[in-house]
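K.L.:
Next up is a structure, given as structure tokens.
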Amino acid sequence: MSLWSEKVLQLLRRMNSFHSPGSSLEKCLRFEVGGQQVGWVPPNVVSVLCRFPEVFSPPHGGAVALCPGLDSLERRSAAVEAVLQELRDGGAFACLKGWRNERYAVMPRYCDAPLMHMERAATSLFGVKRYGVHVSGFSRDGNGNLSMWLARRSNTKQTYPGKLDNLAAGGLAAGCTVKHTLVKECEEEACIPASVAEKATPVGTISYTYEDEDGVFPECQFVFDLELPSNFRPEIGDGEVQDFYYYPIKKVKELLASEEFKPNCAMVVLDFLIRHSVIEPDSEPYYQEFVASLHRSL
């Protein structure tokens, strides 16, 4: 196995750690809302939720559920929000220090109607699915050679400061469409006009579930390719990015095996390299493992 392949496999294993032997999966309780599972609650979180019996029913049958009386999106969202604010004020969980006042929709599958809304910073405590949009910006020269735009995250970002990122990316807030989020993030982060951003092509999703000290992270990213004119230059917008780089695809591939990338952005780039035949099954023995690891069931 090449060192590059080993590094990429390590990345993919880390990003799918919740499904690995020895993970907390067997210890977690299902999180149920309205009789439907929407997440996984780690044991240390379950013990804290038991202090709020008016919101969370006692653990039963391997699950922790919202009380049946909370029977609407509005009631559920308000009740859980009150609990989370109390836990935030009390310093119960470190992840709540990153409170963003940004709500995510909570539902069993993306195609389902939301059962409630939840503060983004709290979603890992309940292991609810998070969705986002990532844009791979690229160009070709006269010979068809690929180059890709990468962003360097600001050093003041709450998560992965200073790491390499895709051209534009962002979480899917409650009530926002994928297309709206795509255009908004392109405009805000890279000053890409809506007329250009709207030409991005949807090319699929990547999905994975990892865990760390903040909880469980089942995530799905809607992936877009945006082919740009060779003279195009993104500009720093809202300050979430400190620099942009335009690299030949060979250099981008090399960087994947470094610690330079925000991990899920590296997965988006890996997906791009596979789809554009930069990585091929006859030259990469772990091709199938790569593909499977980019599309794990949530």
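K.L.:
Kindly indicate which of SER147, SER195, SER139, SER154 is of a type in the set (S, T, N, Q), loosely packed, with under 14 Cβ neighbours inside 10 Å and over 30 Å from VAL41 (Cβ atoms).
P.N.:
Values: SER147 fails: loosely packed, with under 14 Cβ neighbours inside 10 Å; SER139 fails: loosely packed, with under 14 Cβ neighbours inside 10 Å; SER154 fails: loosely packed, with under 14 Cβ neighbours inside 10 Å.
None of the other options fit; the residue is SER195.
K.L.:
Among the listed residues GLY170, GLY132, GLY204, identify the single one that is out of contact with any helix residue (DSSP H, G or I) (no Cβ under 6 Å at 6 or more places or on another chain), closer than 20 Å to LEU270 by Cα and surrounded by 15 or more Cβ atoms within 10 Å (Cβ to Cβ). Steps first, please.
P.N.:
On the way: GLY170 fails: out of contact with any helix residue (DSSP H, G or I) (no Cβ under 6 Å at 6 or more places or on another chain); GLY204 fails: surrounded by 15 or more Cβ atoms within 10 Å (Cβ to Cβ).
None of the others qualify; the one that does is GLY132.
K.L.:
Scan ARG153, ARG120 and give me the residue that is in the same structural domain as TYR104 (by TED's automatic domain parsing), closer than 29 Å to LYS97 by Cβ, of a type in the set (Lys, Arg) and touching a strand residue (DSSP E or B) at 6+ places or on another chain (Cβ under 9 Å). Outline the logic, then answer.
P.N.:
Numbers: ARG153 fails: in the same structural domain as TYR104 (by TED's automatic domain parsing).
Of the residues listed, the single one that is in the same structural domain as TYR104 (by TED's automatic domain parsing), closer than 29 Å to LYS97 by Cβ, of a type in the set (Lys, Arg) and touching a strand residue (DSSP E or B) at 6+ places or on another chain (Cβ under 9 Å) is ARG120.
K.L.:
Within the group ASP243, ASP271, ASP238, which residue is acidic (Asp, Glu) and crowded, with 19+ Cβ neighbours inside 10 Å? Before you say what the answer is, go through the steps one by one.
P.N.:
Details: ASP243 fails: crowded, with 19+ Cβ neighbours inside 10 Å; ASP238 fails: crowded, with 19+ Cβ neighbours inside 10 Å.
Answer to the selection: ASP271.
K.L.:
Of the residues ILE249, ILE206, ILE192, ILE279, which single one is out of contact with any strand residue (DSSP E or B) (no Cβ under 9 Å at 6 or more places or on another chain) and touching a residue at least 12 places away in the same chain (Cβ under 8 Å)? Walk me through it before giving the result.
P.N.:
Values: ILE249 fails: out of contact with any strand residue (DSSP E or B) (no Cβ under 9 Å at 6 or more places or on another chain); ILE206 fails: out of contact with any strand residue (DSSP E or B) (no Cβ under 9 Å at 6 or more places or on another chain); ILE192 fails: out of contact with any strand residue (DSSP E or B) (no Cβ under 9 Å at 6 or more places or on another chain).
Among ILE249, ILE206, ILE192, ILE279, only ILE279 is out of contact with any strand residue (DSSP E or B) (no Cβ under 9 Å at 6 or more places or on another chain) and touching a residue at least 12 places away in the same chain (Cβ under 8 Å).
Results for (1) small (Gly, Ala, Ser); (2) touching a helix residue (DSSP H, G or I) at 6+ places or on another chain (Cβ under 6 Å), shown as yes or no for each residue.
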{"site": "PRO21", "(1), (2)": "no, no"}
{"site": "GLY34", "(1), (2)": "yes, no"}
{"site": "GLY39", "(1), (2)": "yes, yes"}
{"site": "VAL46", "(1), (2)": "no, no"}
{"site": "GLY61", "(1), (2)": "yes, no"}
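K.L.:
Within region 26-47, is there a residue that is farther than 26 Å from LEU70 by Cβ and more than 20 Å from the chain's Cα centre (by Cα)?
P.N.:
Residues of region 26-47 that are farther than 26 Å from LEU70 by Cβ, as a first pass: 26.
Then drop every residue that is not more than 20 Å from the chain's Cα centre (by Cα), which leaves 26.
Yes, that holds for at least one residue.
K.L.:
Kindly check whether there is at least one residue in region 274-297 that is under 17 Å from the mean Cα position of the chain (by Cα) and under 19 Å from SER147 (Cα atoms).
P.N.:
no
The values are calculated or read from the model by the stated rules, or taken from the named source; none is laboratory data. The structure displayed is predicted, hence computed values, not measured ones. When we count neighbours, we look across all protein chains shown, and the Cβ atoms used for this are built from the backbone with ideal geometry, even at glycine.
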